[in-house]
């Protein structure tokens with residue numbers, strides 16, 4: 001299944017709400033949570049992450065992985081945590097509106 | 001071009017992009033490494049795992065690009081690339097760049113200068129509250145055809161204050177000088193309303209009270225802010241301290257005036273209460289010398305209403321106090337009394353200049369447009385290639401715009417430097433012509449508008465060529481045949497005729513500049529008749545030290561004798577107080593000549609100078625016949641000396657020495673004892689003015705005189721020594737207006753010099769612009785006819801033939817322009833006749849050299865593109881097809 005336009009940011013925020021992760025981890029996590037049914041080009045994660053960082057929803061820091069490699073870790077800011085709820089609500093509203101239209105027909 | 005790359009790197013560093021870039025690389029490498037590791041763990045070979053990971057990731061470079069976009073780096077990166085590209089391509093075509101820089105710099109330089117002067121002298125509002133209501137009132141009267149202006153007086157001021165209710169108030173102000181610590185310092189005598197009327201509040205202390213002005217004497221002084229800051233180091237406790245001038249009682253400092261007040265008189269250092277005495281107090285005396293009347297109108301009152309009320313008040317006052325003047329005015333058909341805010345003497349000429357310089361800008365824009373059009377056409381193949389590789393109109397436009405912005409900004413920089421230099425020069429003239437007036441500066445508002453205008457020009461001339469080429473479809477089709485690309489015929493005709501008119505205007509200006517320059521040189525060639533180079537002059541007033549009339553001759557002789565003691569002094573003499581050199585203020589009268597005047601006039605006029613015998617030696621004036629005055633022998637009632645011109649005009653073919661002349665019954669008949677060489681006291685240009693008659697003043701008792709000292713030494717050090725010698729005689733004596741005599745003589749030519757310089761500068765501007773114009777037009781033609789030139793060369797036309805052919809094109813336009821210019825000059829130079837000196841308005845040498853010079857310039861301007869055209873390999877230009 002192709003990812004809908006504009007939803008990647010929301011998914012990244014959701015994944016990060018469970019804690020600090022690096023980019024590769026996030027993309028794996030999305031794959032696992034969607035039970036491998038979402039196809040996301042792994043690379044497109046990064047522009048999205050940089051965008052979120054610029055907006056102040058996410059902050060990054062350098063750190064070491066379990067395997068001892070240096071990686072860039074992302075985590076939600078206070079602002080970002082609030083945004084998760086906003087996005088969740090917006091998505092629900094969106095789905096319900098679309099649902100009502102689709103059911104009507 | 002390395003500096004641009006370095007500069008770009010520096011910018012990247014400044015924004016932290018270098019570090020971010022490294023981090024981004026690391027992050028993506030890490031991702032790929034982890035993915036490969038996982039895939040290898042799942043059993044893939046390292047090689048296969050690597051390929052799969054890259055596929056899953058998507059384009060690495062594209063992602064990096066997108067990340068960079070999110071930092072906002074792209075715009076800056078693109079800009080740096082554009083600037084680098086444009087600079088490199090401008091550097092390659094140096095001729096083009098220099099032509100454009102020169103055009104922009106000249107246009108902007110001229111415009112900024114003229115507008116700054118116009119703004120600084122005329123448009124700038126006075127720095128007061130509601131400046132439009134503050135007005136300056138002049139008495140005006142008709143003198144022949146001209147409207148003359150005169151200053152106002154005490155009685156007018158009183159009458160207006162009482163009866164003119166459309167005004168909030170009136171104030172008088174007068175410029176004078178006092179001697180403070182051995183130096184002459186300018187001040188303004190003002191009435192008590194002066195500061196209030198301008199809306200000024202004291203920085204410290206207070207201003208004058210009405211009683212301090214009249215009846216006075218208020219021995220109080222208000223400092224200007226500049227004097228307070230510079231001479232008293234901004235002393236906060238200055239109020240209450242005393243100043244003692246050379247004469248009179250000490251004055252108490254009562255306040256400091258704000259700087260805004262200084263805009264009325266930039267030379268004044270302090271203010272004193274205006275003093276009025278004697279005849280000025282009579283209600284019939286309406287005017288006082290050099291006294292200004294200022295007023296503030298009530299809100300909503302127009303100048304016409306104000307004028308009518310003042311005229312009414314004045315008529316009533318004259319009816320009561322001076323009915324004779326009223327009758328006289330009626331007889332002489334004089335009705336104008338006042339003028340409110342007399343226009344600045346330079347107003348109309350400056351406005352004309354401003355229109356002229358705006359026209360320059362239009363011409364300059366057309367020139368630049370021509371140049372850019374030619375250049376864009378030459379680059380058309382490049383644009384076509386870029387277009388077919390996917391560059392859109394926007395991208396092409398951005399590159400062209402970048403180029404024109406660089407061109408405009410560099411031109412702007414040079415232009416502002418030019419403006420700065422010329423304003424400095426203009427301020428020199430302004431200071432000489434209007435000593436207490438404001439100087440001019442480039443204001444920030446002027447700078448802002450110039451920048452805005454320049455960028456607008458950059459936008460228009462940068463994009464218009466592209467738009468025209470785009471419309472012709474040449475870029476889109478990769479079609480490089482020359483025919484389809486010609487810009488519309490109308491535009492060509494328009495720019496051709498502009499070049500022709502540019503040449504015509506240049507011709508007229510060159511003629512004008514040539515005639516004026518030669519007139520100026522001719523003026524400088526005139527012998528003034530005296531040697532001003534080593535003479536010191538200055539005024540001495542004996543009255544404060546010697547109140548008794550009988551002491552004056554003795555005191556004057558003592559002063560002269562004391563001056564002789566100074567080493568290096570050759571001659572010492574005096575004349576009765578009057579200007580030595582200058583255009584106004586001479587005493588003149590009519591004379592009776594025994595036996596009648598040779599020119600038939602029963603009472604011919606003459607200037608009169610009151611001098612002693614040594615005057616002639618001091619001034620270096622030769623006595624041609626007879627002798628000078630001898631002390632103890634000659635007296636005012638017995639002897640006089642006339643100049644050459646007097647002898648030639650009025651005593652032609654007679655024995656001059658011994659002839660008798662008579663001024664009036666007070667002196668009776670005087671015998672001419674000598675004939676002096678002709679002296680042009682009124683300036684070199686007035687050599688044909690009235691004759692001069694010298695009266696003997698050896699024994700005449702007067703408290704004021706002008707001291708003249710001829711020296712071998714420098715005049716500066718001599719002035720100092722004369723001052724100290726005067727102080728030795730009495731500490732209250734002072735040499736006022738002390739100057740070296742050549743300075744006032746030089747100032748007499750300042751207006752001519754300025755006029756000559758200005759015309760010269762404009763002629764140069766016009767010449768440069770037309771040269772660039774011809775160059776632009778001919779370049780365009782050459783570009784258009786490249787194929788034709790190629791074919792001609794291929795079938796055997798020599799280089800000389802081709803050059804001739806192209807120059808002929810430029811020459812045709814030059815000839816038409818010059819013919820028009822010649823006609824215009826023949827008509828226009830008659831208006832210059834008043835300014836010409838010893839040269840005919842149709843001077844053949846000036847005309848022929850101007851024609852020759854202009855042809856030379858036009859040949860050079862069209863020769864450059866011609867040479868470029870023949871250097872092209874014919875095969876090369878044919879292959880373009």
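The values are calculated or read from the model by the stated rules, or taken from the named source; none is laboratory data. The structure displayed is predicted, hence computed values, not measured ones. Because the Cβ atoms are built from the backbone with ideal geometry, glycine has one as well, and the counts that use them run over all protein chains shown.
Checking the structure you have, find out if any residue of the range B:19-35 is more than 8 Å from chain A (Cβ to nearest Cβ) and farther than 23 Å from residue B:80 by Cα. Yes; the residues of the range B:19-35 include at least one that is more than 8 Å from chain A (Cβ to nearest Cβ) and farther than 23 Å from residue B:80 by Cα.
Within the range A:33-46, identify whether any single residue is more than 14 Å from chain B (Cβ to nearest Cβ), under 28 Å from residue B:35 (Cβ atoms), assigned to a helix (DSSP H, G or I) and without any contact (Cβ under 8 Å) to a residue 24 or more places away in the chain, and answer yes or no. Within the range A:33-46, one or more residues are more than 14 Å from chain B (Cβ to nearest Cβ), under 28 Å from residue B:35 (Cβ atoms), assigned to a helix (DSSP H, G or I) and without any contact (Cβ under 8 Å) to a residue 24 or more places away in the chain.
Being touching a helix residue (DSSP H, G or I) at 6+ places or on another chain (Cβ under 9 Å), at pLDDT below 90 and exposed (fewer than 15 other Cβ atoms within 10 Å of the Cβ) is the requirement here; does residue B:143 meet it?
No: the conditions fail for residue B:143.
Going by what's in this entry, would residue A:80 be described as within 14 Å of chain B (Cβ to nearest Cβ) and not in a loop (DSSP other than H, G, I, E, B)? No; evaluated as a whole, the condition is false for this residue.
The set of residues in the range A:1-25 being within 14 Å of chain B (Cβ to nearest Cβ), surrounded by fewer than 20 Cβ atoms within 10 Å (Cβ to Cβ) and in contact with a strand residue (DSSP E or B) (Cβ under 9 Å, 6 or more places away or on another chain) consists of A:2, A:3, A:21, A:25. The residues listed here are B:572, B:611; of these, the one that is touching a helix residue (DSSP H, G or I) at 6+ places or on another chain (Cβ under 7 Å) and either at pLDDT below 90 or surrounded by 13 or more Cβ atoms within 10 Å (Cβ to Cβ) (or both) is B:572. Evaluation of residue A:96 against the conditions (1) assigned to a helix (DSSP H, G or I); (2) more than 14 Å from chain B (Cβ to nearest Cβ); (3) at pLDDT below 85 shows that the sole unmet condition is (3). Annotation: of all residues in the range B:426-482 being part of a loop (DSSP other than H, G, I, E, B) and closer than 30 Å to residue B:492 by Cβ, the one that is modelled with the highest pLDDT is B:473.
Number of residues in the range B:132-186 that are within 21 Å of residue B:317 (Cα to Cα) and part of a helix (DSSP H, G or I) equals 10.
With respect to (1) at pLDDT 85 or above; (2) surrounded by fewer than 19 Cβ atoms within 10 Å (Cβ to Cβ); (3) under 14 Å from the mean Cα position of the chain (by Cα); (4) at the interface with another protein chain (Cβ under 10 Å from one of its Cβ atoms), the lone exception for residue A:52 is condition (2).
Checking the conditions here, which among B:790, B:773 is closer than 23 Å to residue B:758 by Cα, in contact with a helix residue (DSSP H, G or I) (Cβ under 9 Å, 6 or more places away or on another chain) and buried (at least 17 other Cβ atoms within 10 Å of the Cβ)?
B:773
Close Cβ contacts (under 8 Å, 6 or more residues apart or on different chains) running from residues in the range B:365-376 that are in contact (Cβ under 8 Å) with a residue 12 or more places away in the chain to residues that are not in a helix (DSSP H, G or I) comprise B:373/B:487; B:375/B:93.
The criterion of at least 3 residues that are at pLDDT below 80 and touching a helix residue (DSSP H, G or I) at 6+ places or on another chain (Cβ under 7 Å) is met by the following helices (runs of 4 or more DSSP H) wholly inside the range B:286-397: B:347-378.
Of all the listed residues (B:229, B:211), the sole one being modelled with pLDDT of 90 or more, assigned by TED's automatic domain parsing to the domain that holds residue B:158 and surrounded by fewer than 19 Cβ atoms within 10 Å (Cβ to Cβ) is B:229.
Conditions tested, residue by residue: (1) surrounded by 17 or more Cβ atoms within 10 Å (Cβ to Cβ); (2) outside any helix (DSSP H, G or I); (3) out of contact with any helix residue (DSSP H, G or I) (no Cβ under 9 Å at 6 or more places or on another chain).
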{"site": "B:800", "(1), (2), (3)": "no, no, no"}
{"site": "B:814", "(1), (2), (3)": "yes, no, no"}
{"site": "B:817", "(1), (2), (3)": "yes, no, no"}
{"site": "B:821", "(1), (2), (3)": "yes, no, no"}
{"site": "B:825", "(1), (2), (3)": "yes, no, no"}
{"site": "B:830", "(1), (2), (3)": "no, no, yes"}
{"site": "B:838", "(1), (2), (3)": "no, yes, no"}
{"site": "B:861", "(1), (2), (3)": "yes, no, no"}
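Taken together, the residues in the range A:55-73 that are within 12 Å of the chain's Cα centre (by Cα) and facing chain B (nearest Cβ under 8 Å) amount to 0. Of all the strands (runs of 3 or more DSSP E) wholly in the range B:545-631, which have at least 2 residues that are within 42 Å of the chain's Cα centre (by Cα)? So the answer is B:569-576, B:588-590, B:605-611. Is it the case that some residue within the range B:251-262 is in a helix (DSSP H, G or I), over 24 Å from residue B:131 (Cβ atoms) and touching a strand residue (DSSP E or B) at 6+ places or on another chain (Cβ under 6 Å)? No, the range B:251-262 contains no residue that is in a helix (DSSP H, G or I), over 24 Å from residue B:131 (Cβ atoms) and touching a strand residue (DSSP E or B) at 6+ places or on another chain (Cβ under 6 Å).
The single condition from (1) within 19 Å of residue B:532 (Cβ to Cβ); (2) modelled with pLDDT under 90; (3) touching a strand residue (DSSP E or B) at 6+ places or on another chain (Cβ under 9 Å) that residue B:677 fails is (2).
Can you find a residue in the range B:42-63 that is within 8 Å of another protein chain (Cβ to nearest Cβ), touching a strand residue (DSSP E or B) at 6+ places or on another chain (Cβ under 6 Å) and at pLDDT 80 or above? Checked against the condition, which is being within 8 Å of another protein chain (Cβ to nearest Cβ), touching a strand residue (DSSP E or B) at 6+ places or on another chain (Cβ under 6 Å) and at pLDDT 80 or above, the range B:42-63 yields no hits at all.
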